[in-house]
Amino acid sequence: MVWDTNLSISKLPNNIAEYFKKEADVLYSDLLSKKLRVVLVPAPRSFFEGHKIRAVECQNPGWYSELYHLYAHFKRSRCANALDRIRTGEDKNYRVHPFRYDARVRELILTRLIEGYDLEGHNVPANQEVKKYFNGSIDNVVGVD
């Protein structure tokens, strides 16, 4: 059987599934700790007394913003739930609606593990064990859409 992102990580060898769980844990913590927060601050050029403008105090994680803009109606709570299921090994195969998020998040994790990514200005390299398991190419894995 060929694994694709529509299948649960339970279908992967234990060592590969563990990498998915660890990455899901990192993403889960990142999502919970960073939420878009906008505040009012004094305007740099005030046109009237008490003039304020909106400013971003905290931003969503970049990976979450990309998913949000990529998929219509992408919900933060459903993404967090999918990450939690993956990190605890309770994710489900995608066949119908409630587990679409699991598949999309597995696709994100797979890409991060195979290609590496930037984290706060530092390059996190590809996971060579995962890359080798998938024959070094994410193109060999069936995606969500």
- Task: List every residue pair whose Cβ atoms lie under 7 Å apart, where the two residues are 6 or more positions apart in sequence or sit on different chains, the first residue falls within segment 55-76 and is at negative phi, and the second residue, located anywhere, is open to solvent by 100 Å² or more (accessible area, probe 1.4 Å) and not aromatic (Phe, Trp, Tyr).
- Result: Glu57/Arg37; Cys58/Lys35; Cys58/Arg37; Asn60/Lys35
- Scan segment 17-33 and report the pairs whose first residue is more than 17 Å from Asp102 (Cβ to Cβ) and whose second residue is not charged (D, E, K, R) and not in a helix (DSSP H, G or I), with Cβ atoms within less than 8 Å and a gap of 6+ or a chain change. Asp30/Pro61
- Tell me, yes or no, whether segment 120-131 has at least one residue that is loosely packed, with under 12 Cβ neighbours inside 10 Å, part of a strand (DSSP E or B) and either of a type outside the set (Ser, Thr, Tyr) or modelled with pLDDT of 90 or more (or both). yes
- Tally the residues that are open to solvent by less than 100 Å² (accessible area, probe 1.4 Å) and hydrophobic (A, V, I, L, M, F, W, C), restricting the search to segment 28-49. 6
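Out of the residues in segment 50-75 meeting the condition of being assigned to a helix (DSSP H, G or I) and not acidic (Asp, Glu), tell me which one is surrounded by the most Cβ atoms within 10 Å (Cβ to Cβ).
Looking only at segment 50-75, we keep the residues that are assigned to a helix (DSSP H, G or I), and these are 62-70.
Within this subset, residues satisfying the condition of being not acidic (Asp, Glu) are 62-65, 67-70.
Working: Gly62: 13, Trp63: 19, Tyr64: 22, Ser65: 13, Leu67: 19, Tyr68: 16, His69: 9, Leu70: 11.
It comes out as Tyr64.
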- Message: Given the options Glu23, Glu90, name the one that is open to solvent by 100 Å² or more (accessible area, probe 1.4 Å) and either in contact with a helix residue (DSSP H, G or I) (Cβ under 9 Å, 6 or more places away or on another chain) or at positive phi (or both).
- Response: Glu90
- Taking segment 1-49 and keeping residues within 28 Å of Gln128 (Cα to Cα) and outside any helix (DSSP H, G or I) leaves Met1, Val2, Trp3, Asp4, Thr5, Asn6, Leu7, Ser8, Leu12, Pro13
- Message: I'd like the full set of residues that are part of a helix (DSSP H, G or I) and closer than 18 Å to Leu12 by Cβ, limited to segment 88-103.
- Response: Phe99, Asp102, Ala103
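Out of curiosity, is Glu18 over 27 Å from the mean Cα position of the chain (by Cα) and surrounded by fewer than 16 Cβ atoms within 10 Å (Cβ to Cβ)?
no
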- Task: Scan Arg106, Arg112, Arg85, Arg78 and give me the residue that is within 12 Å of Leu31 (Cβ to Cβ), touching a helix residue (DSSP H, G or I) at 6+ places or on another chain (Cβ under 8 Å), of a type in the set (D, E, K, R) and assigned to a helix (DSSP H, G or I).
- Result: Arg78
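The values are calculated or read from the model by the stated rules, or taken from the named source; none is laboratory data. Everything quoted here is computed from the prediction, not taken from an experiment. Every residue, glycine among them, receives a Cβ derived from its backbone with ideal geometry; neighbour counts consider all protein chains shown. All accessible areas refer to the heavy atoms of the entire protein, side chains included, with ligands and DNA or RNA removed. Shrake-Rupley method; radii C 1.70, N 1.55, O 1.52, S 1.80 Å.
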